[in-house]
Amino acid sequence: MASLHDPADSTPFLTQADDVDEVKAAGALPRVRDEDESPEPRDVHALTGISYRRSVATVGILFFINLLNYMDRFTVAGVLPDLEDAFGIHDSSSGLVQTVFICSYMVLAPVFGYLGDRWIRKYIMCAGISFWSIVTLSSSFIPKEYFPLFLFTRGLVGVGEASYSTIAPTIIADLFVADQRSRMLSVFYFAIPVGCGLGYIAGSKVTSAAQDWHWALRVTPGLGLIAVLLLVFFVKEPPRGAVERKTDKPLSPTPWISDVKALLKNHSFVLSTLGFTTVAFVTGALALWAPTYLIRARTVLYKTEWCKGGVCNYTDSMIFGVITVLTGILGVGAGVEISKRYRKVNPRADPIVCACGMLSSAPFLYLSLVFADTSLVATYVFIFIGETLLSLNWAIVADILLYVVIPTRRSTAEAMQIMVSHLLGDAGSPYLIGVISDRISGGKTESTLLSFRSLEYALMVCAFVGALGGGFFLATALFIEKDRKKAEMVSEGLVSEVEKIEDRIVVPKSGRSTRVPVSSVLI
């Protein structure tokens, strides 16, 4: 009887497999450059026809656009109390502001993922960013009597963001390989926490200066126009998968339904997507509600009103914005470096680092809520540590997707990951937190302490969801080696997808024993 044990999954969980180097040496697997070897940018960029300098500049432009993307998304969160007062809404309705945006974003992501795998990507992004900028500017002129119309325009903003987020990482993947790709992805994903933080800062500062929250929404549209011009005149479209191909025959796109079926069978992709969904849940809830929660905590702790004489104090939004920027830079950078060094001794390093980050962040986020009515200093310290640990995985998760999925379906994979992570993550978490908060305070005499407590208990859900995410990433580590090897061999043209890669017999040159499936040698 053939063995049911898969040799690809026999690697000790926290150590390097004994036969990995032997398999590579035998020629059955493509040789992967060691971590300490120097990159070869000239060879790679000769294949793409785009110089190393221009490739780096392209990453810089994509970083700038991603920064605007998240600035726009979280400018509203920075001035949420003013928005509630202007439209006369409660916490559950406030949560809808983020939810409708995320819903349109995730629904349209598969559409742009399909287009991104088949059409010129930079022009798709240009159209989306232009539309997003126009809609954002228009939403700033909506009168306070038309809250449903404001929700509708925030939903339309998701159209532009879906056109960008599904495509930009695939361009980076087609410009760089190995460690250089990881570093460039880390630069690109620095924009997420930094953009969030700048959104809080810009929103609160512009609102305070203009004495009108509408002006906070008029900052990013002008910068969006600059982004479109940069894309048109400075970004060159790289060929898909050229830097990974070992043969002259290019990879051809497969039918969309085939792409989806293949991705659903990819265990590493599915499990890492579920892990990233918990990240989206936690960050989405905190991004919208943390500044408001801190404002309420200060009001309870110091028994002061946050608005006096029509002038509102957004100090806590500013502080939270600065913390988000700093923790994002530290977390993303640390995650990439830790994973890179740990990968030298363990090929499963990436999902394990993500799991450790999620499991470690949960208790600190919980403590930040518990100490809010006792010491704001302690609360900010715990938020700083918790957000740093949470940020470890941003670039790593993107890298996992790119190396376990072949080039011709990466935009589709990005779109599926966006759709699932937002559908089950931050599309519902802001609204869910608002609903729980309203249910806790419902039927009771309204007070500052009650509004603080109800939001505190609602936000505690985030700590438990974060711990669940750590479990998904640990499960990803069980399959990551096999899925990565399969994607590498297909991408490099060494095998076709229809071949069963795990059934190939390997005879190590060194003469040492290795593990092969029994089915490979039975006649």
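Values quoted throughout were computed directly from the atomic coordinates according to the rules given, and no laboratory measurement underlies them. None of these values were measured; they are calculated from a predicted model. Note: ideal-geometry Cβ built from the backbone for every residue, glycine included; neighbour counts use all protein chains shown.
The peptide list 389-396, 413-420, 293-300, put in order of mean Cβ contacts within 10 Å with the highest first, becomes 389-396, 413-420, 293-300.
The slack between LEU450 and ILE89, meaning 0.36 nm per residue of separation minus the straight C-alpha distance, is 128.3 nm.
Note on ALA57/GLU237: beta-carbon distance plugged into 1/(1 + (r/R0)^6) with R0 of 25 Å gives a FRET efficiency of 0.95. If the limit is 31 Å between Cα atoms, which of LYS122/LYS486; LYS205/LYS340; LYS236/LYS265; LYS205/LYS303; LYS122/LYS144 go over it? Result: LYS205/LYS340; LYS236/LYS265; LYS122/LYS144 exceed 31 Å. If you take every residue apart from LEU231 with its C-beta less than 11 Å away from the C-beta of LEU231, what net charge results, scoring Lys and Arg +1 and Asp and Glu -1? Within the 11 Å Cβ shell, the charges total +2. Does segment 379-428 come out rounded, prolate or oblate, given a ≥ b ≥ c as the square roots of the eigenvalues of its C-alpha gyration tensor, rounded meaning a/c under 1.5 and, failing that, prolate meaning a/b above b/c? Since a/c reaches 1.5 but b/c is at least a/b, the shape of segment 379-428 is classed as oblate. Here the label points at SER252 and GLN211, each 7 Å from Cα along the C-beta direction, are separated by 6.8 nm in the simple model. Note down the net charge around TYR105, summing +1 for each Lys or Arg and -1 for each Asp or Glu among other residues with Cβ under 13 Å from its Cβ. Once all neighbours under 13 Å are counted, the net charge is -2. Quick check: from the Cα gyration tensor, does segment 51-121 come out rounded (a/c under 1.5), prolate or oblate? It is oblate, given that a/c is not under 1.5 and a/b is not larger than b/c.
Taking packing as the residue-averaged number of other Cβ atoms within 10 angstrom, the listed peptides 95-101, 425-431, 146-152, 133-139 run from highest to lowest as 425-431, 95-101, 133-139, 146-152. Here each label is just a point 7 Å from Cα along the line to Cβ, and for PHE152 and ALA127 those points are 2.3 nm apart. Along segment 208-213 the Karplus relation, 6.51 cos²θ - 1.76 cosθ + 1.60 evaluated at θ = phi - 60°, assigns HN-Hα couplings of 5, 6, 8, 6, 7, 5 Hz to successive residues, with x for each Gly and Pro. For the peptides 114-122, 355-363, 226-234, residues were scored by their other Cβ atoms within 10 Å and the scores averaged per peptide; the highest-first order is 355-363, 114-122, 226-234.
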